[in-house]
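Below is one structure, written out as structure tokens; the observations come after it.
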Amino acid sequence: MIKKCLFPAAGYGTRFLPATKATPKEMLPVLTKPLIQYGVEEAVDAGLTTMAIITGRGKRAIEDHFDISYELEHQIKGTSKEPLLTEIRSLITQCTFSYTRQVEMKGLGHAILTGETLIGNEPFAVILADDLCNNNGNDTVLSQMVKVFEKYQCSIVAIEEVPQKDTHKYGIIAGNLVDNTTDTYRVTDMIEKPDPKDAPTNMAIIGRYILTPDIFEILEKTKPGKGGEIQITDALLEQAKQGNVIAYKFKGKRFDCGSVEGFVEATNYFYNKMKD
Ligand code: UTP
């Protein structure tokens, strides 16, 4: 059973400067909810209630968001505004939140390794909150992945097909189809952000993972890769060489809210849904 979800949220969010100068990227709202709240809701929907968040300098607003604000609650108690806090209150009641800081931003792989003290020796999920996923009220992406994990009991990455010209923005996998009814592949190769001409496929890893805990030992030995950062893709390749990584083409939509274009697209999508 997977109980814990790790949220690496220490990145600088440079694509959103100056908004992210003093505000964590994960706190940018799509409509009225910050990105990280969507992520926590997705984890809860998949049955996970222990949230482990990797923060960094200037990210304190995340901790405050998942805490009670007595003064504010007192002010709006009994008014028409009170229901606006219902969802966040329910998350605070259902979940436990723990935090650790990544002191130096040495990449996603390093951020995940920093989370070892919060996760321990058990399989866990990872959500990158800037990849906002929605499946229109059906099984969320993480719920779908938990089912895949229950079947294969190894690390799972969520993938989607991207235009070949965009492969340099993603970790790209190659693999053998193991189940065409669920679109699952046994991964044989993975490359971080390859040039389109070097990409083995156009199947890109998005910000949802389920990882087995041996990943920590591998990450400890993983040397900096693309961009001088410790890459989770490089560590996963070690597991893939043992046949221990499954890629799953998820059902639903994903918005890259780490980019201005994706963020605007997500905002329009959720606004139209709200109006309907
Ligand atoms: P990104 O590649 O989106 O980097 O990180 P970023 O710093 O957040 O944003 P840009 O590219 O500068 O605009 C992917 C995920 O990994 C986390 C980020 O917080 C994001 O969720 N991350 C990245 C860390 O937690 N630590 C790191 O050292 C790097």
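Going from the residue with the fewest nearby Cβ atoms within 10 Å to the one with the most, 49, 86 rank 86, 49.
Subtracting the Cα-Cα distance of residue 103 and residue 249 from their residue separation scaled by 0.36 nm leaves 49.2 nm.
Distance from the alpha carbon centroid of the stretch 98-121 to that of the stretch 202-271 works out to 15 angstrom.
Full extension of the chain between residue 151 and residue 268 yields a length gain of 38.5 nm, computed as 0.36 nm times the residue separation minus the alpha carbon distance.
Label separation (residue 178 vs residue 220): 2.7 nm, computed from points 7 Å beyond Cα along the C-beta direction. Past the 24 Å Cα-Cα mark, which pairs from 193/221; 4/165; 253/273; 197/253; 223/249? The answer is 4/165; 197/253; 223/249. Entry note, the chain: the mean residue ellipticity at 222 nm calculated from DSSP H runs of n ≥ 4, each adding -39500 (n - 2.57), is -9000 deg cm²/dmol after division by the residues and rounding to the nearest 500. When the Cα positions of 124, 204, 167 are compared along the charge dipole of the chain, 167 comes out farthest toward the positive end, with charges on each C-beta of Lys, Arg, Asp and Glu. Charges were assigned to the Cβ only: +1 to each Lys and Arg, -1 to each Asp and Glu. The resulting dipole of the stretch 161-276 about its Cα centre is roughly 280 debye. Scaling the Cα radius of gyration of the chain by the globular reference 2.2 N^0.38 Å produces a ratio of 0.99. Net charge dipole, the chain: roughly 320 debye, given to the nearest 20, about the Cα centre with Cβ charges of +1 for Lys and Arg and -1 for Asp and Glu.
Computed from label points 7 Å out along Cα-Cβ, the spacing between residue 138 and residue 169 is 2.4 nm. Between residue 95 and residue 160, full extension at 0.36 nm per residue minus the direct alpha carbon distance yields a gain of 20.5 nm. Note on the chain: with a GNM built from Cα contacts shorter than 10 Å, the maximum mean-square fluctuation among 60, 208, 254 falls on 60.
Taking 79, 96, 32 as the candidate residues, the one with maximal mean-square fluctuation in a Gaussian network model of the chain, Cα springs under 10 Å, is 79. Taking all Cα pairs closer than 8 Å and separated by 6 or more residues, the relative contact order of the chain comes to 23 percent.
Other residues lying with their Cβ under 10 Å from the Cβ of residue 233 contribute a combined charge of 0, Lys and Arg counting +1, Asp and Glu -1. Springs join every pair of Cα atoms under 10 Å in this Gaussian network model of the chain, and among 94, 102, 231 the largest mean-square fluctuation is at 94.
Note on the stretch 2-159: with charges restricted to the Cβ of Lys and Arg (+1) and Asp and Glu (-1), its dipole about the Cα centre is near 360 debye.
By DSSP, the beta bridges lying fully in the chain are antiparallel in about 60 percent of cases.
Every number here is computed from the coordinates shown, using simple stated rules; none is lab data. All of these numbers come straight from a predicted model, not from anything done at the bench. Using ideal geometry, Cβ is built from the backbone for each residue, glycine included, and neighbour counts are taken over all protein chains shown.
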